[in-house]
Amino acid sequence: VSLEDAYLPFYFGWFLRHTFQDELEGVAKGFLKTLDSLEAFKKHLSDFPREGEDVVKVEQYFQHTGPLHCTTKFCDYGKAAGAKEYAKSQVVQQSYGSMTELKLQALFLTPRTLGARVALTQEQLQLWPSDPKEEAGSNLPPGSRAHITLGCAQGVEPVQTGVDLLQILQLQQQGQEGEKVEDLELGPLSYYGNGIWVLSLREPIIGPALFSSFHG
Ligand code: A2P
């Protein structure tokens, strides 16, 4: 392994400024609290695995550690396909360390993950690598998978958040609108079955983020 290769990060992404991170964590907390109080949500609680007789409280169900971010390229220290090419690309080199504004258009929740869907600009899409998982078997546009993991259920890896988001987008693409359950302050809440909930933000949440990498 050359010295240069050894420096490939675990992943590249946009890291939320701490003020934005605090804001988003507050929004997510409020969202979960609201869900816990909704009759419609309680009706579908059996979608969530439960331990013994304890009723699930989604407020305590999801955990996350580390800085909130939107992963662009998962490099796995160079083991992931295309990691080196991505790290060396001109756009990555030029954008590294620069600030951008991330626009969040929806919050979503499944029995596995809690996430925010990110709407990328044309400029941000330049930093989005081609993603076989995103493209496989669907005609979702590049960047569809862009998200921020806000939390995972116990034993679930954060990589699941993108998988869950793609599943939601595929359902929508197949014409499933979801059942509109409630108009919340932040926007309409829809239920897609199997414990999948989507809150479309009436006003997108926008905040600053730094394009950088995580080395672990
Ligand atoms: P995400 O971007 O959905 O949050 P971990 O903590 O599991 O090792 O992952 C570190 C970060 O890299 C997380 O942000 C995670 O998911 C992302 N990630 C992990 N594995 C992959 C993968 N195979 N493809 C894309 N992103 C991944």
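The values are calculated or read from the model by the stated rules, or taken from the named source; none is laboratory data. Only a predicted model underlies this, so the values are computations on that prediction, with no experimental measurement involved. Positions of Cβ are backbone-derived with ideal geometry, glycine not excepted, and every protein chain shown enters the neighbour counts. Accessible surface is based on the protein model in full, side chains and every heavy atom, while ligands, DNA and RNA are left aside. Shrake-Rupley method; radii C 1.70, N 1.55, O 1.52, S 1.80 Å.
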Does D183 satisfy the condition of being acidic (D, E), over 19 Å from the mean Cα position of the chain (by Cα) and surrounded by fewer than 17 Cβ atoms within 10 Å (Cβ to Cβ)? yes
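What about E53, is it in contact with an Asp or Glu (Cβ under 6 Å, 6 or more places away or on another chain), modelled with pLDDT under 95 and either farther than 23 Å from A119 by Cα or not in a loop (DSSP other than H, G, I, E, B) (or both)?
Values: in contact with an Asp or Glu (Cβ under 6 Å, 6 or more places away or on another chain): no; modelled with pLDDT under 95: yes; either farther than 23 Å from A119 by Cα or not in a loop (DSSP other than H, G, I, E, B) (or both): yes.
No: the conditions fail for E53.
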Only one of these is at pLDDT 95 or above, over 18 Å from F15 (Cβ atoms) and not hydroxyl-bearing (S, T, Y): L102, L68, L35, L45. Name it. L35
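Given the criteria touching a residue at least 40 places away in the same chain (Cβ under 8 Å) and among the hydrophobic types (A, V, I, L, M, F, W, C), does L140 qualify?
Details: touching a residue at least 40 places away in the same chain (Cβ under 8 Å): no; among the hydrophobic types (A, V, I, L, M, F, W, C): yes.
It is false that L140 is touching a residue at least 40 places away in the same chain (Cβ under 8 Å) and among the hydrophobic types (A, V, I, L, M, F, W, C).
Are there any helices (runs of 4 or more DSSP H) wholly within segment 107-216 with 2 or more residues that are within 21 Å of S46 (Cα to Cα), and if so which?
On the way: elements: 122-125, 132-135, 159-173.
Filter on segment 107-216 gives 159-173.
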Return the only residue of F20, F31, F41, F12 being surrounded by 13 or more Cβ atoms within 10 Å (Cβ to Cβ), outside any loop (DSSP other than H, G, I, E, B) and touching a helix residue (DSSP H, G or I) at 6+ places or on another chain (Cβ under 6 Å). F41
Quick one: F108 ticks every box in (1) within 27 Å of Q63 (Cβ to Cβ); (2) open to solvent by less than 50 Å² (accessible area, probe 1.4 Å); (3) within 11 Å of the ligand (Cβ to nearest atom) except a single one, so which number is it? (3)
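When only residues in segment 74-96 that are touching a Leu at 6+ places or on another chain (Cβ under 8 Å) and within 12 Å of the ligand (Cβ to nearest atom) count, which is most open to solvent (accessible area, probe 1.4 Å)?
Here is the first cut: in segment 74-96, the residues touching a Leu at 6+ places or on another chain (Cβ under 8 Å) are 75, 77-78, 83-84, 87, 91-92, 95.
Okay, now just the ones that are also within 12 Å of the ligand (Cβ to nearest atom), so 75, 77, 83.
Details: C75: 0, Y77: 102, A83: 1 Å².
That would be Y77.
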